[in-house]
1. Rank-order 131-137, 85-91, 75-81 by packing density, defined as the average count of other C-beta atoms within 10 Å over each peptide's residues, highest first.
2. Which listed residue (G106, I118, L137) has the Cα farthest towards the positive end of the charge dipole for the stretch 98-153, taking +1 on Lys and Arg C-beta and -1 on Asp and Glu C-beta about the Cα centre?
3. Once the other residues with Cβ under 9 Å from the Cβ of K105 are scored (Lys, Arg +1; Asp, Glu -1), what is the net sum?
4. Given the pairs K67/K155; K105/K128; K87/K122; K67/K116; K82/K155, which are separated by over 19 angstrom at their Cα positions?
Amino acid sequence: MKRRHFVEKSGCGLLGVALAYFGLASCKKEEEAPAVEAAASAPAEEVPVEMSRKDVIKKLLVERMGKTDGEATAMMAEFEEKLGMVKEMCICRTCPSYVPEETEKGFCHPLIEQSKLITEEKGCDCPKCPVYKNMALKNGYYCTRKSELEQEAAKLV
Ligand code: SF4
Ligand code: SF4
């Protein structure tokens, strides 16, 4: 996909997309953002409940990156909107670190968890990927080191 199409599909400017992706800004106005799925209601008993991926990322945006709840909600909507496009453009499957048993891709995206199957870092093709270039990503080995947002958040500690 050409860069122009990428930006058009994204619904906002490249800078806005990149900033939104990094969790530093959203190119969509807060009031335009669709509601994010409500968190699972807590059980009556005090049984630890594993947080969903969306909950983990939203918590990170608020608690680690200083976003308001409204900003985080708008950003989560952006992430969900971009997910299909990122997976479509992802070139992980031809990377030397990818393993045949893995079925997931788009590990740079905040809504994709790191791989449970890719464990050896044998080279990362991310810098060759159109997503990497168009989103101005800075890191790599997302399959083993977590998403761009999480790697950037880790630097804030
Ligand atoms: S940057 Fe890497 S993880 Fe992200 S879509 Fe491209 S190849 Fe996949
Ligand atoms: S995230 Fe990077 S290292 Fe991992 S499979 Fe994708 S291209 Fe390869």
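Nothing in this text is a laboratory measurement; each read-out follows from the coordinates by a stated rule. Bear in mind the structure is a predicted one, so any value in this text is a computation, not a measurement. We place every Cβ from the backbone using ideal geometry, glycine too, and count neighbours over all the protein chains shown.
1. 75-81, 131-137, 85-91
2. Going by the charge dipole, the pick is L137.
3. So the surrounding residues net to 0.
4. Violating the 19 Å Cα-Cα cut-off are K87/K122; K67/K116; K82/K155.
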